[in-house]
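First comes the structure, then the notes that go with it.
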Amino acid sequence: MLDASFWGLTLMSAFTSFVTAALGAGGGAILIAFMALILPPAAIIPVHGLVQLGSNLGRGALSWRHIHWPTLAVFAPLSLAGAALASWLLVQLPGSVLQLAIALFVLYLCWGPALPKRALGRFGLGLAALVTGFVSLFVGASGPLVAAFIKARSADRFQAVATFAGAMSIQHAPKALVFGMAGFVFKDWWPLILSMFLAGLLGTWLGLKTLGRLSEARFHRLFQLVLTALALQLLWEAANGP
């Protein structure tokens, strides 16, 4: 049924895709918080995962020339290994512990001393991919950590946005398979998912146009502020969670 909630989620998908494309991160976290106010709890992560998969694939397609493929070559197999491990173990880790750990590391990446080159190399990237791939099946909070880590490895804002899109496409892809096998009926949600995907493409196109008008210095400042706000939200949720 095309009610106010349907159109509200569609508009929010366009807005959050714009935010991620223009500022480098943040849209996915905003979207999942909004979806939590409207959708049944069991539908939030699978629907959000499929919508974000479409949004990130669209952003990656529109900016593919800037993707740093060596980063994705390391990130992809270990992120998928983390997701496979999570689906095999079928454990529900304490969300507050995950939120706290992610928030603190994001704040360190934004405001702490620069990580040594070894930590940002293949080993550090692989470890980050494995951990966030595992975490992404249980909470919707892995995006800020992936964004901060990839930004630290990127040469400029275009490479950061494009490579982040590729990385998050990889992390969201297993969700459809895992939740489908667990019994979630995606076909009941296809009209909403398709509407949010198309709106997200428009938001992404506008966001990339805005990104082109930002200087590197302004993008860096806005990126830090967005991730800091998300990290503080995670800290608040961890402190007030069950």
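The values are calculated or read from the model by the stated rules, or taken from the named source; none is laboratory data. It should be emphasised that the depicted structure is a prediction, and the values quoted were computed from it without experimental measurement. So basically every Cβ, Gly included, is an ideal-geometry build from the backbone, and we count neighbours across all protein chains shown. Remember, those area values only see protein heavy atoms, side chains included, never the ligands or the DNA or RNA. Shrake-Rupley method; radii C 1.70, N 1.55, O 1.52, S 1.80 Å.
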**Prompt:** Can you tell me which residues in the range 199-211 are open to solvent by 30 Å² or more (accessible area, probe 1.4 Å) and touching a residue at least 24 places away in the same chain (Cβ under 8 Å)?
**Reply:** LEU201, LEU202, TRP205, LEU206, LEU208, THR210
**Item:** Residues of the range 171-185 that turn out to be in a helix (DSSP H, G or I) and open to solvent by 30 Å² or more (accessible area, probe 1.4 Å), as a count
**Value:** 7
**Lone unmet requirement of (1) out of contact with any Phe, Trp or Tyr (no Cβ under 6 Å at 6 or more places or on another chain); (2) in a helix (DSSP H, G or I); (3) over 18 Å from GLY54 (Cα atoms); (4) among the hydrophobic types (A, V, I, L, M, F, W, C) for PHE197** = (3)
**Request:** Hey, can you tell me all the residues within the range 213-229 that are over 17 Å from ALA152 (Cα atoms), in contact (Cβ under 8 Å) with a residue 40 or more places away in the chain and either within 19 Å of the chain's Cα centre (by Cα) or surrounded by fewer than 13 Cβ atoms within 10 Å (Cβ to Cβ) (or both)?
**Result:** ALA229
